[in-house]
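What follows is one structure encoded as structure tokens, with my remarks underneath.
The values are calculated or read from the model by the stated rules, or taken from the named source; none is laboratory data. Fair warning: this is a prediction, and the values are worked out from it, not measured in the lab. FYI the Cβ positions are ideal-geometry reconstructions off the backbone, even for glycines, and counts take in every protein chain you see. Ligands, DNA and RNA are excluded from the accessible area calculation, which covers all protein heavy atoms including side chains. Shrake-Rupley method; radii C 1.70, N 1.55, O 1.52, S 1.80 Å.
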Amino acid sequence: MATPPPTGPLVTRDTLRTQLGELGVRPGETLLVHSSLSSLGWVNGGAVAVVRGLLDALGPEGTLVVPTQTGDLSDPVLWRKPPIPPEWWAAIRATMPAYDPRITPARGVGVVPETVRTWPGALRSAHPQTSFAAVGPRAAEVTEGHAPDCRLGEHSPLAKLEATGARVLLLGAGYASCTSFHLAEYRIPSPRVAVGRPGPKGWETVTEVSISSDRFDELGYDFERDRPVVRGKVGAAEARLFPVADAVAYAERWLAVHRPREEEFPHPPV
């Protein structure tokens, strides 16, 4: 059986730069990007072309930021994809390599963030489960000081992105991927949970705010209805562009009403 031809459109570095500019991406700004490579169409050059197109649109004074999370550095009792036999749990905890921002690959966030992580000059924040990587003049400012007991709160890159007027670009990704909403979880009454992970001296447990993307799609729908969100197409992908600060402020009010934090949510399975 003949292999069917790829579905389009044909997307290149130049078309990405042009269409991102038409969407409203500004040279010199700081942009937090959540992306789906497959949603764009047939990209000539794959993730490398996407990163180059983003950097072209931002220009030499702009800074590109992506999530480079490592949810697999977690307690195996929580793993569901696939579940791990209980008799393995102790050995896994004892031998799991600790996070190293230079070499630990991102997981579950797509190939574009992993490409940014390894980009020349990229910097990466220090949190062992919810790091961010950045390329550009403000990369150090964004990534420094990510506290080990603050996944996505006041001492994470999200708070710095909010304070500096950064914007979010959802590039073929939905609101369930919008990490900015998590910052709001730290600003409303919040349950706390024990989070296990490998550390430099062996297995460790820290107490953290319980975070969950439950109902973020619904939150995003209401946010888009009530607040200015730039929408358009980049390649075949739906794209959305909005300020981090707007997303956080709206989510604070919405979550307090629609998903009260006295409820407990399970840790997302890995």
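Given a 1.4 angstrom probe, I'd like the percentage of the accessible area of the chain that is carbon and sulfur, rounded to a whole number.
57 percent
About its Cα centre, the dipole of the chain is roughly 460 debye, where the only charges are +1 on Lys and Arg Cβ and -1 on Asp and Glu Cβ. The label-point distance for ASP214 and ARG253, in a model that sets each label 7 Å from Cα toward Cβ, rounds to 2.4 nm. The label-point distance for ASP226 and THR164, in a model that sets each label 7 Å from Cα toward Cβ, rounds to 2.9 nm. Once you sort the root eigenvalues of the Cα gyration tensor of the range 30-164 as a ≥ b ≥ c, which label holds: rounded (a/c under 1.5), prolate (a/b larger than b/c) or oblate (the other case)? It is oblate, given that a/c is not under 1.5 and a/b is not larger than b/c. Against the chain, whose longest principal axis comes from its Cα atoms, helix 13-23 is set at around 90 degrees.
Take the Cβ atoms of TRP79 and SER38, set R0 to 25 Å, and the FRET efficiency comes out at 0.50. Protein heavy-atom accessible surface, 1.4 Å probe, per residue over the range 80-129: 61 Å². Taking the Cα centroid of the range 2-45 and of the range 190-265, what is the distance between the two, rounded to the nearest whole Å? Cα centroid to Cα centroid, the span is 25 Å.
Note on ASP72: accessible area is roughly 50 Å² with a 1.4 Å probe, heavy atoms of protein only.
Heavy-atom accessible area, probed at 1.4 angstrom with all protein chains present, ranks TYR186, TYR250 as TYR186, TYR250, highest first. Beta bridges per DSSP, both residues in the chain: antiparallel share near 70 percent.
Positive-end ranking of ALA236, VAL248, SER210 along the dipole of the range 200-252, with charges on Cβ about the Cα centre, is headed by ALA236.
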